[in-house]
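Working notes for the structure below.
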Amino acid sequence: MNNSSGNKLKKAIRLKHIDYWLNSANHDLDVAETLFQNEKYDWCLFIAHLVLEKTLKAFYVKNTGKLPPRIHDLVRMADMAKIEFEEDTLEFMDAVNTFNISTRYPDEKLKFYKMCTREFTEENFYRIKEIYKCLLQKIKL
């Protein structure tokens, strides 16, 4: 049942989908925290990307009344969800997009793994969590 280009969802269904995306994002945040604590830094950032992606998809449902498209680009998703961000935040989210791609493809995986030091991961994970908190404050249902 993909409704991303079709009719708007009924309010009860819309709320159910928003709840699904927000709960899933919260679950993934817990997973990312565990991965960070266990020094699995590359996977921490991969899952942290999902935290933002799923939160943006909740906004998409809320703001459009439709199911979100099956995309992973955070900047595009934010635009489609009608959420405005400062330019530096959009640039950061564009960089976070690479965390999603870099763990999926073997030729990128080793390079990304080596880049994901504790310091690199801590800095990026902190900023992802700040954006996530800001989004949660804005979504008020």
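The values are calculated or read from the model by the stated rules, or taken from the named source; none is laboratory data. Not measured: the values here are computed from a predicted model. As a convention, Cβ positions derive from the backbone with ideal geometry for all residues, glycine included, and neighbour counts pool all protein chains shown.
Please work out which residue is modelled with the lowest pLDDT, limiting yourself to the range 29-72 and to residues that are surrounded by 17 or more Cβ atoms within 10 Å (Cβ to Cβ) and among the acidic types (Asp, Glu). Checking each candidate, the answer is ASP42. Check whether at least one residue in the range 61-74 is without any contact (Cβ under 8 Å) to a residue 60 or more places away in the chain, within 25 Å of LEU22 (Cβ to Cβ), under 15 Å from the mean Cα position of the chain (by Cα) and assigned to a helix (DSSP H, G or I), and report yes or no. Scanning the range 61-74 turns up at least one residue that is without any contact (Cβ under 8 Å) to a residue 60 or more places away in the chain, within 25 Å of LEU22 (Cβ to Cβ), under 15 Å from the mean Cα position of the chain (by Cα) and assigned to a helix (DSSP H, G or I).
Counting the residues of the range 75-84 that are free of Cβ contacts under 8 Å to residues at least 12 places away in the same chain and under 17 Å from TYR132 (Cβ atoms) gives 1.
Check whether at least one residue in the range 100-108 is touching a Phe, Trp or Tyr at 6+ places or on another chain (Cβ under 6 Å), surrounded by 13 or more Cβ atoms within 10 Å (Cβ to Cβ) and modelled with pLDDT of 95 or more, and report yes or no. Checked the range 100-108: no residue is touching a Phe, Trp or Tyr at 6+ places or on another chain (Cβ under 6 Å), surrounded by 13 or more Cβ atoms within 10 Å (Cβ to Cβ) and modelled with pLDDT of 95 or more.
For GLU87, the conditions (1) closer than 15 Å to ALA25 by Cβ; (2) surrounded by fewer than 17 Cβ atoms within 10 Å (Cβ to Cβ); (3) among the charged types (D, E, K, R) all hold with the exception of (1).
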